[in-house]
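Asker: First the structure, which I've put down as structure tokens, then a few questions once you've had a look.
Bear in mind these aren't lab numbers, they're just calculated from the coordinates by the rules spelled out. Note that the structure is predicted; figures quoted are calculated from it, not measured. Ideal geometry is used to build each Cβ from the backbone, glycine not excepted, and the neighbour counts take in all protein chains shown.
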Amino acid sequence: MSTTNFDRFDLATSGDNVREDLTDVIYNISPTEVPFQANAGRGSGSQTLHEWQIDELAAAVTTNAAIDGADFGTDSSDEAQRIGVFMQISIKYIAVSRRANIVNKAGRKSELAYQIAKKGKELRRDVEARACDNQETVAGSSSLASETAGLPAWISTNTSRGALGADPALSSTTFGQPTTAATDGTQRALTETLLLAEMRAAYIAGGDPNMLMVGPTVKQRFSNFMFTDPARIATQYQDQGPTNRGGVSVVGAVDVYVGDFQVLDVVPNRFQRERDVWILDTEYWEIAYLDGYKTETIAKIGDAERRHILVDWTVVSKNEAASAVVADIDETVAMTA
């Protein structure tokens, strides 16, 4: 007979007699916000090559004065420009064995349902990352996947780029496809002067930008600069009063920028390149779908259930001149005036 207490450690040494303490929750912190998709419009397509037309008015002149009774004259007219981009199929595959689906699990009842929900979120992240990437459109073939053009391959009118940087280009002037992505230039600090110049350029071109979309680090650089003396930002001078969290609140970020021509929401995007600062008129951007997000059952092979989730989509720039970009930003350097 033992003369000592039988303690918790004796349970461990005498065999695995202690039940595990596994919380019935799965914690996943991976971000699922997709700012570009959330703010762009939603469209539909009926062909793998999605096309539309853009046009602009003639420049305003100060010499438009006619003699009383003048004969009928002739004004030149330009045709609309035909623009197109190819659809892209993005897909996620799921295969779950019968046993994996029915055994008792922590955090979920059905493994198949859990994996479908998880892969669906991953697919939306993939679409956002591609939509914001500097890639040209690809026509594709029976052995090559067709691809959409990303946001950086569209904007070419209102741009500010570092040394050696070059604007993207359409394949032609009458049947344009973004087949040449932007060329990255030498990185430099973000400045308020650069931002103001491109905001003005978009306004003069006829755009009305409503969103400044930036990478997370550049978002902090922007907020930090706006609270410095050179920025001359208007700050609060009265107490905000009690908050729902209690204590005193401190404003340390700038989420709305009121410019001379526009009011822009300053939105961080985890999936875009830090080097690109987008000044977007979201009215002229769209995600068009040949086939929307859908889950399909694949023929069962062996002792497993199979699914795939897919979307057939493309980025549509209805008129890139309504937006602007300040490119080639070095996010490690503070923003300046």
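Asker: Quick check: pseudo-label points 7 Å beyond the Cα along Cα→Cβ at K318 and R82, how many nm apart are they?
Answerer: For K318 paired with R82, the spin-label model returns 2.2 nm.
Asker: Let me ask something additional. Mean residue ellipticity at 222 nm from the helices of the chain, using -39,500 (n - 2.57) per DSSP H segment of n ≥ 4 over the full residue count, to the nearest 500 deg cm²/dmol?
Answerer: Theoretical 222 nm ellipticity from helices: -5500 deg cm²/dmol.
Asker: What length, rounded to one decimal in nm, is gained on full extension from N210 through to T183, with 0.36 nm per residue of separation minus their alpha-carbon distance?
Answerer: Stretched out fully, the N210 to T183 stretch lengthens by 7.1 nm.
Asker: Taking the mean number of other Cβ atoms within 10 Å as a proxy for protection, how do you rank 268-278, 160-170, 96-106, 72-82 from highest to lowest?
Answerer: Ranked from most to least packed, the peptides come out as 268-278, 160-170, 96-106, 72-82.
Asker: Highest GNM mean-square fluctuation, the chain, Cα pairs closer than 10 Å: which of D312, D71, D260?
Answerer: D71
Asker: Here's something else I'd like to know. What area, in nm² and to one decimal, does the C-alpha convex hull of the chain cast on average over all directions?
Answerer: Directional mean of the projected Cα hull area for the chain stands at 32.2 nm².
Asker: Once fully extended, how much extra length lies between D229 and V138, figured as 0.36 nm per residue of separation less the alpha-carbon to alpha-carbon distance?
Answerer: So the chain would gain 28.0 nm between D229 and V138.
Asker: Just to verify a number: FRET efficiency for S97 and T48, C-beta to C-beta distance, R0 = 35 Å, to 0.05?
Answerer: E between S97 and T48, to the nearest 0.05, is 0.50.
Asker: Could you list H50, H308 in order of exposure, starting from the residue whose Cβ has the fewest other Cβ atoms within 10 Å?
Answerer: Ranked by crowding around the Cβ, least crowded first: H308, H50.
Asker: Please compute the length gained on full extension between V251 and S172, using 0.36 nm multiplied by the number of residues separating them and subtracting their Cα-Cα distance.
Answerer: Separation in residues times 0.36 nm, less the Cα-Cα distance, equals 23.6 nm.
Asker: Suppose we keep just the DSSP beta bridges with both residues in the chain; what percent of those would be antiparallel, to 5?
Answerer: Here the share of antiparallel DSSP bridges comes out near 75 percent.
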